[in-house]
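The values are calculated or read from the model by the stated rules, or taken from the named source; none is laboratory data. This one's a predicted model, so the numbers in the text were calculated from it and none came from an experiment. Using ideal geometry, Cβ is built from the backbone for each residue, glycine included, and neighbour counts are taken over all protein chains shown. Heads up: the accessible areas ignore ligands, DNA and RNA and are worked out on the full protein's heavy atoms, side chains in. Shrake-Rupley method; radii C 1.70, N 1.55, O 1.52, S 1.80 Å.
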Amino acid sequence: VQLQASGGGLVQAGDSLRLSCAASGRTFLSRTVGWFRQAPGKEREFVAAISWNGDTTYYADSVKGRFTISRDNAKSTVYLQMNSLKPEDTAVYYCAAARSFGWVPRNLIEYGYWGQGTLVTVSS
């Protein structure tokens, strides 16, 4: 499975941005996909995850109600819609596919396939 994240950029607080994670590989459609982020000087942290069919989603408390994860398996793409952005959302955002099937993990060690990351900068 290969992943490529895109859609990052520089925005102002309160703006919206949509990240995309384009994937290739036969097993992608059967895998949970997660978004993680890493701010300067901080550890990578969980943001959101979605099951293979989109029926189950999880969010970090810090983004709940502002971010929405979705997927279009026909396009092999997972999205992260980010609304009401805050300066503390500034980070490199990564998409990742889970190692195993059948559940929706939130721990990054459960994800074995990673994209290259896209930078989101939110100015105040």
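Worth pointing out:
- Derived scalar couplings between HN and Hα for region 78-84 equal 10, 10, 10, 7, 10, 10, 6 Hz in order, rounded to whole Hz, by the Karplus curve 6.51 cos²θ - 1.76 cosθ + 1.60 (θ = phi - 60°), x for Gly and Pro.
- Chymotrypsin sites (Phe, Trp or Tyr not before Pro), loop per DSSP, at most 13 other Cβ atoms within 10 Å - longest free stretch of the chain: 1-100
- Convex hull of Cα atoms in region 1-50, direction-averaged projection (nm²): 4.5
- Along region 109-119 the Karplus relation, 6.51 cos²θ - 1.76 cosθ + 1.60 evaluated at θ = phi - 60°, assigns HN-Hα couplings of 5, 7, 10, x, 10, 10, x, 8, x, 9, 7 Hz to successive residues, with x for each Gly and Pro.
- Largest-first ordering by accessible area, 1.4 Å probe, given options Val63, Val104, Val1: Val1, Val104, Val63
- Note on the chain: GNM, Cα springs under 10 Å; of Gly14, Gly112, Gly41, the largest mean-square fluctuation is that of Gly41.
- Springs between Cα atoms under 10 Å define the GNM used for the chain, and in it the highest mean-square fluctuation of Leu19, Leu108, Leu80 occurs at Leu108.
- Count Lys and Arg as plus one, Asp and Glu as minus one, and take only other residues whose Cβ is under 11 Å from that of Tyr59; the net charge is then +2.
- Positive minus negative residues near Thr77 (Lys, Arg vs Asp, Glu; Cβ under 14 Å): +3
- Cross-link reach is defined here as a Cα-Cα straight distance under 21 Å, omitting same-chain residues fewer than 8 places apart; for Lys86 the lysines meeting it are Lys42, Lys64.
- A simple charge model with +1 on the Cβ of Lys and Arg, -1 on the Cβ of Asp and Glu and nothing else charged puts the dipole of region 26-73 at about 120 debye relative to its Cα centre.
- Cα centre as origin, Lys/Arg/Asp/Glu Cβ charges: region 1-107 dipole, Debye: 260
- Of Leu80, Gln4, Pro105, farthest towards positive along the dipole that unit charges on Lys, Arg, Asp, Glu beta carbons give region 1-115: Gln4
- Measuring between their Cα centroids, region 9-33 and region 39-101 lie 7 Å from each other.
- In summary, the chain shows an alpha-carbon radius of gyration equal to 0.97 times the 2.2 N^0.38 Å reference for compact globular proteins.
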